[in-house]
Amino acid sequence: MTNAKVLLPCEVDIDKCIALKSTFDGARLDLDKLPRLKESCVQIQGDVCAHVSFEQDANGLRIVKGTCEADLLLTCQRCGENYVEHVLSKFRFTPDYERAKECNLEQKYDFIELNNEGKIDLYEILEDGLILEIPTVPKHDEDDEACARHGSSWQYGALDAEATTSPFAALASLKGSLEKGKNSD
Ligand SMILES: [Zn+2]
């Protein structure tokens with residue numbers, strides 16, 4: 001482990017990156033520029049890291065591909081305790097949608113738009129990818145002994161009582177009141 005990781009740039013010029021055969025190998029993302037990921041978990045643990053490479057394939061499609069991973073502190077919906085979930089997102093994007101369609105390759109890639117300066121926003125696509133990997137119902141592994149209610153039956157009432165004392169209480173109670181609102185219709 002090294003703590004001298006390269007910081008991944010937010011915006012990159014895909015043509016330049018392809019020409020220079022740029023790769024970012026284990027680059028760190030600036031956590032302050034991942035507000036939506038921060039909101040989607042209790043806390044981001046350690047670094048969010050990405051491997052990103054750029055290439056032009058035989059059909060002339062410009063491609064950005066790689067992986068991005070993070071350890072996220074989530075609240076287990078079974079026992080109400082926080083736990084760390086490792087999320088890994090694999091991505092393969094191209095800005096050349098029309099060309100991909102002509103080659104019948106549009107299913108193979110996700111499409112990204114270039115901004116006004118002809119650049120791509122790496123953080124936006126990586127952040128989206130990680131958020132999509134967060135489980136809809138976060139919970140400890142089935143056989144994780146850390147799960148406080150492991151083996152015992154679980155009740156919503158007990159979960160609510162614990163939620164009010166956890167650091168996630170504000171969000172949990174907000175979610176609770178939204179759900180109550182929904183049910184009262
Ligand atoms: Zn649990």
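Where a number appears in this text, it was derived from the coordinates with a stated rule and is not lab data. None of the values given here were measured: they were computed from a predicted structure. Here Cβ is always computed from backbone atoms with ideal geometry, including for glycine, and neighbour counts include all displayed protein chains.
Extension gain, K21-A58: 0.36 nm per intervening residue step, less the Cα-Cα distance, totals 11.8 nm. All C-alpha pair distances within the stretch 11-133, sorted into 5 Å bins from zero, spread as 2, 11, 20, 20, 17, 12, 8, 5, 3, 1, 0 percent across the bins. Among the trypsin sites (Lys or Arg not before Pro) found in the stretch 92-130, those both in a DSSP coil and sparsely packed, with 15 or fewer other Cβ atoms within 10 Å of their Cβ, are K108. Exposure proxy for V137, V6: other Cβ atoms within 10 Å of each Cβ, ordered fewest to most, give V137, V6.
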